[in-house]
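**Q** Quick one: the structure is below, questions incoming.
Nothing in this text is a laboratory measurement; each read-out follows from the coordinates by a stated rule. Only a predicted model underlies this, so the values are computations on that prediction, with no experimental measurement involved. Backbone-built Cβ (ideal geometry, glycine too); neighbour counts: all protein chains shown.
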Amino acid sequence: MYGAPTITYSTNLSSAELGQWCNMKRLSAYSQATYMLQASEEERTSSGYSRFSKEETVCKILQQAVVDIEKGLAKWEKANPS
């Protein structure tokens, strides 16, 4: 997804920045999912989602965001033990 640093960089963030990073990942996923709901068949084909229904596409986008955020949080917690 675009608009947020990759998980690799999340370990260097303060807790406030980590919250912002999570929000950016979430908002980026919502934006992409909304776009895909409104996308034409041609746009969905060019993005690689044509084999899924629009609803399945939205679920896959949001599920991937959750996975990315969970991985980012786990890496951050490992690098920043309390």
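**Q** Taking R0 as 41 Å, what's the FRET efficiency between Glu17 and Ser40 from their Cβ-Cβ distance, rounded to 0.05?
**A** Details: r = 37 Å, r/R0 = 0.90.
Using R0 = 41 Å, I get an efficiency of 0.65.
**Q** So what's the net charge close to Val66: Lys and Arg +1, Asp and Glu -1, counting the other residues with Cβ under 13 Å from its Cβ?
**A** It works out to a net charge of +2.
**Q** I would also like to ask the following. Give the total of Lys-Lys pairs in the chain with Cα-Cα distances below 22 Å; include a pair only if its members are 8 or more places apart or on different chains.
**A** Taking the Cα cut-off of 22 Å, the pair count is 6.
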